[in-house]
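Notes follow once the structure below has been shown.
Derivation of every value follows stated rules applied to the coordinates shown; laboratory data play no part. Fair warning: this is a prediction, and the values are worked out from it, not measured in the lab. Positions of Cβ are backbone-derived with ideal geometry, glycine not excepted, and every protein chain shown enters the neighbour counts.
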Amino acid sequence: MRSESRPWLPEPAPTEHVALSIVIPVYNELAVLPLLHDRLTRVLAPLGISYELVLVDDGSRDGSGLYLVELAARYPEIKAARLSRNFGKEAALTAGLDLSVGDAVVVLDADLQDPPELIEHMLAAFHAGSDIVSMKRRSRAGESWHKRLSAHLFYRLLNRLSHIEIPADTGDFRLMSRRAVHAMQQLPERNRYMKGLFAWVGLPTHVIEYDREERAAGNTKWNVLGLFGLAFEGITSFSIAPLRWATGLGLMAALIGFSFGLWIVMGALIHGNEVGGYPSLIAVITFLGGVQLLSIGVVGEYVGKTYFEAKQRPLYVLRDVVQSPRAASATPTLPEDPSHAPAP
Ligand code: UDP
Ligand code: MG
């Protein structure tokens, strides 16, 4: 099934049944990876279910990729995938979803901002019949006020514009049934605004509120420009309202320009022609020029999107996938003393 929709992926090795996959995109997270594995094992081992950790290295430059491969060589529950370069979080997530085999898949950030302790509750909701369990942030610890404010405004704006309800303040932290993952894989678009795609899929969704923690170690990969880009991506992927704005704005400007022109002509006819129309002329020209450029830019954004979709490039390129065979009675072991962990 998978090789039909994603022909560039290796055929998955026949494995025993896996109840839960945890998919984690990793980009320059070397500082947090030992903590991550330790905490996940402490949370997941007591659940007594078979699970796998799908760690996708998104072209890290700090040796995270190598660290993951070494982890995978030691712990059979770890599947380490390396992308050929940095493709961005959304692509890394997609790769992780493609490689996962569990009945339920939980998507998690590497920096432990999404507390893994909640996985138990997510699984409970899954077993109660939800296909998607999305996690809504009650608070955002350690995030600056302007990030919080812009996130707030962004979600409100996005939901006004798009036809499907994209829940506010839910990040990528969520659980998906195999069915939901499969539905996600059916969406072929290159511009992957994941939150929107999750919402598009629909399926019975349960929402759990939680308090977002601070980053355990390392630095955020986002900057203001990146967030702005993501917001723009989100809006233009799920709404064509900006195209209508451009039309509306152009119409308004044309009306104002027409009335103004009429007023000037009437004035000239009634009072005679006085020299000195220069400032008003320049004002009108620059205003109209601005409106035109803006509208062309908005249209261009959608044309550009169409262009990228038309190319039908794969979303990511895998460098390798490493996983050790499981022993017959494999129960995940707690990581050893960090001093014995593979050297970073
Ligand atoms: N990430 C990634 N590729 C990128 C940027 C980020 O895989 O190009 C991963 C990163 O390693 C982390 C997750 O995406 O696991 C969220 O990133 P971050 O914590 O920097 O974002 P924030 O929580 O600040 O929004
Ligand atoms: Mg983070």
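Quick notes on this one:
- 15 Å cut-off, amide nitrogen to a point 7 angstrom out along E165 Cα→Cβ, residues in the stretch 187-203: 199-203
- Working value for the stretch 19-175: equivalent-ellipsoid semi-axes of 26, 20, 15 Å, each the square root of 5 times a Cα gyration tensor eigenvalue, largest first.
- For the chain, the share of alpha carbon pairs falling in successive 20 Å distance bins from zero is 27, 49, 16, 8, 1 percent.
- Taking every DSSP bridge with both residues inside the chain, close to 35 percent are antiparallel.
- Which of L294, H206, F87, positive extreme of dipole for the chain (C-beta unit charges): L294
- The angle between the Cα long axis of helix 241-271 and the longest principal axis of the Cα atoms of the chain comes to about 10 degrees, rounded to the nearest 10.
- Residue (of I164, L112, G96) at the positive-pole extreme of the stretch 84-172, dipole from beta-carbon charges: I164
- The H on the amide N of V23, modeled in the peptide plane, is under 5 Å from the matching H of V54, V106, V107, L108, each at least 5 residues off or on a different chain.
- Beta bridges by DSSP in the stretch 124-223, antiparallel share as percent, to the nearest 5: 35 percent
- C-alpha long axis of helix 224-238 to longest principal axis of the chain, angle in °: 80 degrees
- Cross-link check: pairs K89/K305; K147/K305; K147/K221 evaluated at a Cα-Cα cut-off of 22 Å; pairs beyond the cut-off: K147/K305.
- Its relative contact order, with pairs defined as Cα atoms under 8 Å and 6+ residues apart, puts the stretch 117-182 at 48 percent.
- Mean residue ellipticity (222 nm) of the chain, computed from DSSP H runs ≥ 4 via -39,500 (n - 2.57), nearest 500: -15000 deg cm²/dmol
- Axis angle, to the nearest 10 degrees, between helix 278-311 and the longest C-alpha principal axis of the chain: 30 degrees.
- Only Cα pairs under 8 Å and 6+ residues apart enter the sum, and on that basis the relative contact order of the stretch 159-284 stands at 32 percent.
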